[in-house]
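Structure record follows, encoded as structure tokens.
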Amino acid sequence: MSMLDSIFAKGAFKASKCKTLLKLTIPRIKLLRNRREIHIKQLRRDIAKLLETGQEATARIRVEHIIREEKMMAAQEIIELFCELVVVRLPIIEAQRECPLDLKEAISSLCFAAPRCADLPELIQVQMAFASKYGKEFVAAATELMPECGVNRQVIKCHLFHFFI
């Protein structure tokens, strides 16, 4: 058995560890949101100064940066809500062998976001926990955006928007 197979071995799901990781992620997201909000306020002041001095081209670039930051804040807010939902529903997740349909969007979105959110390292471990619970195929479907993977559309748009601008 290779190292990856042992990491993604089915059946080793630990709800308590998953709960701890998700509860660590939530305040980290709030901290990142506060930092982004402060940064956006500063960028807006900079844009006002640039427009006063007639530097429209530079101001447009800063506006694009604000849009990108706001999209990322929206995606992180959704991820935060999904973390809270999964924490509350962990007893259901632990009890059922298959992913509950009403939680598929939340769990798939967390798995999708994990490798894309370097600022949230706990999500990688959460992703591994769900791989042990539901199999690496489930996680791969979410991460690679396979049909019917269940990832939230707004999370997809925000992350793809972030990478292509």
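Quick notes
- For the stretch 52-67, the tally of residues that are of a type outside the set (Val, Ile, Thr), surrounded by fewer than 14 Cβ atoms within 10 Å (Cβ to Cβ) and assigned to a helix (DSSP H, G or I) stands at 5.
- Checking LYS49, LYS71, LYS17 one by one, the residue that is in contact with a His (Cβ under 9 Å, 6 or more places away or on another chain), open to solvent by 50 Å² or more (accessible area, probe 1.4 Å), part of a helix (DSSP H, G or I) and of a type outside the set (A, V, I, L, M) is LYS71 and no other.
- Near pairs, Cβ below 8 angstrom, 6+ apart or cross-chain, from the stretch 21-36 (farther than 21 Å from MET128 by Cβ) to any residue that is open to solvent by 90 Å² or more (accessible area, probe 1.4 Å): ARG33/GLU77
- Count of the stretch 84-114 residues which are in contact with a helix residue (DSSP H, G or I) (Cβ under 7 Å, 6 or more places away or on another chain), more than 19 Å from THR20 (Cβ to Cβ) and without any contact (Cβ under 8 Å) to a residue 24 or more places away in the chain: 1
Quick grid of which residues meet (1) closer than 22 Å to ALA140 by Cβ; (2) modelled with pLDDT of 95 or more:
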{"site": "ILE38", "(1), (2)": "no, yes"}
{"site": "GLU52", "(1), (2)": "no, yes"}
{"site": "GLU69", "(1), (2)": "no, no"}
{"site": "GLU98", "(1), (2)": "yes, no"}
{"site": "LYS104", "(1), (2)": "yes, yes"}
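- Residue count, the stretch 42-66 (criterion: of a type in the set (A, V, I, L, M, F, W, C) and in contact (Cβ under 8 Å) with a residue 24 or more places away in the chain): 2
- Residues that are under 18 Å from the mean Cα position of the chain (by Cα) and farther than 22 Å from GLN154 by Cβ occur in the stretch 110-122; there is at least one.
- The stretch 74-114, residues that are of a type outside the set (A, V, I, L, M, F, W, C) and open to solvent by 30 Å² or more (accessible area, probe 1.4 Å): GLU77, GLU84, ARG89, PRO91, GLU94, GLN96, ARG97, GLU98, ASP102, LYS104, GLU105
- Residue in the stretch 119-132 that is in a helix (DSSP H, G or I), modelled with pLDDT of 95 or more, open to solvent by less than 20 Å² (accessible area, probe 1.4 Å) and over 20 Å from SER16 (Cβ atoms) present: no
The values are calculated or read from the model by the stated rules, or taken from the named source; none is laboratory data. Everything numeric here is computed off the predicted structure, so don't read it as measured data. Heads up, the Cβs are rebuilt from the backbone with ideal geometry, glycines too, and the neighbour counts pull from every protein chain shown. Surface areas here come from the heavy atoms of the whole protein model, side chains and all, with no ligands, DNA or RNA. Shrake-Rupley method; radii C 1.70, N 1.55, O 1.52, S 1.80 Å.
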